[in-house]
1. When you look at Ala353, is it in a loop (DSSP other than H, G, I, E, B) and either crowded, with 19+ Cβ neighbours inside 10 Å or within 11 Å of the ligand (Cβ to nearest atom) (or both), yes or no?
2. Inside region 100-131, can you point out the residues that are aromatic (Phe, Trp, Tyr) and more than 30 Å from Cys66 (Cα to Cα)?
3. Is it true that some residue in region 400-412 is over 25 Å from Thr113 (Cβ atoms), within 16 Å of the ligand (Cβ to nearest atom) and not basic (Lys, Arg)?
4. Name the residue that is farthest from Val94 (Cα to Cα), counting only residues in region 120-145 that are outside any helix (DSSP H, G or I) and touching a helix residue (DSSP H, G or I) at 6+ places or on another chain (Cβ under 9 Å).
5. Checking the conditions here, which among Ala370, Ala395, Ala348 is within 16 Å of the ligand (Cβ to nearest atom) and touching a residue at least 24 places away in the same chain (Cβ under 8 Å)?
6. Looking only at residues in region 218-248 that are in a strand (DSSP E or B) and more than 16 Å from the ligand (Cβ to nearest atom), which one is farthest from Glu323 (Cα to Cα)?
7. Would a scan of region 114-132 turn up a residue that is polar (S, T, N, Q) and more than 20 Å from Lys174 (Cβ to Cβ)?
8. Looking for whichever is surrounded by fewer than 19 Cβ atoms within 10 Å (Cβ to Cβ) and over 15 Å from Asn278 (Cα atoms) here; the options are Glu303, Glu388. Which one fits?
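The values are calculated or read from the model by the stated rules, or taken from the named source; none is laboratory data. Computed from a prediction, not measured in an experiment: that's the story for all the values here. Methodologically, a virtual Cβ is constructed for each residue, glycine included, from the backbone with ideal geometry; neighbour enumeration extends over all protein chains shown. Accessible surface areas use protein heavy atoms only, side chains included; no ligands, DNA or RNA. Shrake-Rupley method; radii C 1.70, N 1.55, O 1.52, S 1.80 Å.
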Amino acid sequence: MSEKKFPEGFLWGAATASYQVEGGIENCDWAKAAREGRVPECGRACDHYNRYEADYDIAKSLGHNCHRISIEWARLEPEEGKFDEKEIEHYLAVLAALRERRLKPFITLWHFTLPQWFADKGGFEHPDAPEIFARYCGYVARKLGNDCRHFATINEPIPYASNGWRRGIWLPFKKWPGIDTIAIATSGRELDPRPETSIANIFKYFSVINTLIRSHNAAYDAIKKSAFGAEVGIVHQVLLFHSNGNPWNVLLARLMNWHFTHYFIKRVYKKCDSIGVNYYLHKKFGDTVVYDKTDMGWDVYPEGIREALLMVKRYGLPLWVSEAGVADAKDTIRAEYIKGLVRGTYDAMQEGADVRGFMYWSLLDNYEWASGFGKRFGLVEIDYDTLERRVRPSAYVYKQIIEQNGLVDSVR
Ligand code: BGC
């Protein structure tokens, strides 16, 4: 195999999300659902809220030069319209810690969890959601905009809507009748979320997607006004649909890609300076291959990242791999999986995708939503009893890739 060297200045790092690692967040909708026994408890999670410096020391020691975090809306705006300066101070300290370690920060303003007051109003079903969201984003950008130049508004709008208003496994637990029989991704849930099944949820699902589109566009304007020169984008999971070439399957894949990717991006890309691509899943119609599975039960198919990136190349924007990774508690496949992702990213770049950086999901093991703490995506293993951190062997393979700025003979 020939060398696959990335351009100079290419960014390498990992991503985390506030609720999944910080711990101690009790005033958001997921915490309430956990108290009601509908999703697993998150509790102190990795206690990253108090241990971020030590965690960033690890990221630094692994050669990373960027890091994607999300900030917790419920901490910053615990009551509608009332912002908590103390929590702004916290995130300013987090940004300073990243800067001291030369980890370029990327902030996602909202990663799935809603402040309880907003959820009580109906969250993204509320007609004023775009203005409410934009007010929050504008406030944060004003406060953090000098210390971070890269903001993403929303993490993965389509899986959010899909799990919440179609499959009924995430909040607010709304489900379409008969949806289980045509499930594509069967990501698990530990508990019975007690979804409410109704045909009206079909309409609500589409309406929420449209509200999320308006929310991104309003937030873009608010951030641009508040933080001069900041870059603003979206983080989108490209669920890759492809086919065995049979015309019916080709058509099916196109339709699904239109629905799961292009419908949203087409309506927001003019208000995006870049697009973050998350890649985890593919579905090949007419495929007879039996794939190995990750601990999530998803196909081991890292090379699909190439097509995922090429799918959004058409929007002509810089791209980031803002998340890609594997649940692999025993760390037996992660190193090869990462290499596959890096190869696929490189190949997409050879075909014209303007990718600027790669962020592995995740730095730490964390709370995997409805699946709880059992699924382990981390480069760093967490012992949830002692909160001890242990770097997994695959993290050193990723480190070598970073040091070589790509895949060379010694790390293939
Ligand atoms: C989300 C993360 C999640 C990861 C693995 C992405 O959909 O942004 O929050 O943990 O996938 O499932």
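1. Working: in a loop (DSSP other than H, G, I, E, B): yes; either crowded, with 19+ Cβ neighbours inside 10 Å or within 11 Å of the ligand (Cβ to nearest atom) (or both): yes.
Yes: the conditions hold for Ala353.
2. We begin by selecting, within region 100-131, every residue aromatic (Phe, Trp, Tyr); these are 106, 110, 112, 117-118, 124.
Trp117, Phe118, Phe124 - these are the residues of region 100-131 that are aromatic (Phe, Trp, Tyr) and more than 30 Å from Cys66 (Cα to Cα).
3. So the first thing to find is which residues in region 400-412 are over 25 Å from Thr113 (Cβ atoms), and the list is 400-412.
Add one more test, that the residue is within 16 Å of the ligand (Cβ to nearest atom), and what stays is none.
Among the residues of region 400-412, not one is over 25 Å from Thr113 (Cβ atoms), within 16 Å of the ligand (Cβ to nearest atom) and not basic (Lys, Arg), which makes the answer no.
4. The selected residue is Pro127.
5. Working: Ala395 fails: within 16 Å of the ligand (Cβ to nearest atom); Ala348 fails: within 16 Å of the ligand (Cβ to nearest atom).
After ruling out the rest, the residue left standing is Ala370.
6. Keep residues of region 218-248 that are in a strand (DSSP E or B), which gives 231-237, 240-243.
Then keep just the ones that are more than 16 Å from the ligand (Cβ to nearest atom); that gives 231-232, 241-243.
On the way: Glu231: 18, Val232: 17, Phe241: 18, His242: 20, Ser243: 24 Å.
Ranking the qualifying residues of region 218-248, first place goes to Ser243.
7. Within region 114-132 (the criterion being polar (S, T, N, Q) and more than 20 Å from Lys174 (Cβ to Cβ)), the answer is no, since none of the residues qualifies.
8. None of the other options fit; the residue is Glu388.
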